[in-house]
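S.K.: Have a look at this one.
The values are calculated or read from the model by the stated rules, or taken from the named source; none is laboratory data. Keep in mind it's a predicted model, so treat the numbers as computed, not measured. Here the Cβ positions follow ideal geometry from the backbone for every residue, glycine too, while neighbour counts run over all protein chains shown. Side chains are part of the model used for accessible areas, which takes the heavy atoms of the whole protein and leaves out ligands, DNA and RNA. Shrake-Rupley method; radii C 1.70, N 1.55, O 1.52, S 1.80 Å.
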Amino acid sequence: MDIAIKFCGLRRPEDVAAAAGAGARYVAFNFFARSPRAVTVAEARELALEVPPGIAKVALVVDAENDFLDRIVDQVPLDMLQLHGAETPARVAEIKARYGLPVMKAVGIATEADLPKLEAYGRVADQLLVDTKPPDDAGLPGGNGLAFDWRLIAGRRWPVPWMLAGGLTPQNAALAVEMTGATQVDVSSGVESAPGVKDAAKIAAFAEALRGVALPR
């Protein structure tokens, strides 16, 4: 089985081209203003128009209000919304109903005590992004380049498809998949040469590292 890859935080046309060339199944545009990967609505529209057919276009937002979501959905051709803040299950359901787009909810994991949240969000979201819980002093809700203990989710399944995120790189992606059984992975800082600057060679290396990886039975 091919592992589906989501390249997150793309900011330039050449990033989109590199991701597409590497076989991306998803590309994501980050609308969180404090992120070094942030794009404007106008920039995201131009980038989305560069994405080849067959690759899902995702908007990453953090606790966004409806007026901002309205602008994004109205102006950017999208296939999915990714909620990466403290949105409640009720808010996830509300956004899904309002926009008629599939919704992916990011859930931060640090210890076993965090796992029940995946069940709760799995009842309302279309997909789950299983990410590393950011440290208390982190300025970003994701994209910090930190991994959690993958043994916490080894062999687990949830009501909807899920994607593994958090600290993945070309060097550890295969191990992460082998340990967790993830069939989808998300990478952002792990394929950058500097914060917010994607590296085409690292993007290609990340995809190559996952070719032919054996999933646990």
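S.K.: Using a Cα-Cα cut-off of under 26 Å, which lysines could be cross-linked to Lys96, ignoring same-chain neighbours fewer than 8 residues away?
M.R.: Lys6, Lys57, Lys105, Lys117, Lys133
S.K.: Under the rule a/c < 1.5 gives rounded, and otherwise a/b versus b/c splits prolate from oblate, where does region 170-217 land using the Cα gyration tensor? If you can, show how the numbers build up before the last one.
M.R.: Working: a/c = 3.16, a/b = 2.15, b/c = 1.47.
Prolate, since a/c reaches 1.5 and a/b exceeds b/c.
S.K.: Express as a percent, rounded to the nearest 5, the fraction of DSSP beta bridges in the chain (both residues included) that run antiparallel. Could you put the intermediate results ahead of the total?
M.R.: On the way: 2 of 32 bridges.
Taking every DSSP beta bridge with both residues in the chain, the antiparallel ones total about 5 percent.
S.K.: Let me cross-check Ser189: its accessible surface, 1.4 Å probe, with only protein heavy atoms counted, in Å² to the nearest 10?
M.R.: Accessible surface of Ser189 is approximately 40 Å².
S.K.: With r as the distance between the Cβ atoms of Asp2 and Arg98 and R0 = 35 Å, compute the FRET efficiency 1/(1 + (r/R0)^6) and round to 0.05.
M.R.: On the way: r = 33 Å, r/R0 = 0.94.
It comes to 0.60.
S.K.: Another question about this same structure. Pop the C-beta distance of Thr88 and Val41 into the FRET formula with R0 = 25 Å and round what comes out to the nearest 0.05. Intermediate results must be reported in sequence, preceding the final value.
M.R.: Numbers: r = 25 Å, r/R0 = 1.00.
Taking R0 as 25 Å, the efficiency between Thr88 and Val41 is 0.50.
S.K.: Can I ask one more? Is the C-alpha gyration tensor of region 26-133 telling us rounded, prolate or oblate? Criteria: a/c under 1.5 is rounded; beyond that, a/b larger than b/c is prolate, otherwise oblate. Kindly include the intermediate steps, with their values, before the conclusion.
M.R.: Details: a/c = 1.78, a/b = 1.62, b/c = 1.10.
Note, shape of region 26-133 comes out prolate.
S.K.: What is the distance in Å between the Cα centroid of region 187-201 and that of region 1-77?
M.R.: 15
S.K.: Calculate for the chain the 222 nm mean residue ellipticity that helices alone would give, adding -39,500 (n - 2.57) per DSSP H run of length 4 or more and normalising by residue count, nearest 500 deg cm²/dmol. Please report the intermediate quantities before stating the final value.
M.R.: Working: 7 runs with 63 residues, N = 217.
Counting only the DSSP helices, I get -8000 deg cm²/dmol.
S.K.: Still on this structure: Run through the DSSP bridge list for region 1-72 and note the antiparallel percent, rounded to the nearest 5.
M.R.: The antiparallel proportion sits near 0 percent.
S.K.: Determine how large the accessible area of Thr40 is when every protein chain is in place; take a 1.4 Å probe and give Å² rounded to the nearest 10.
M.R.: 70
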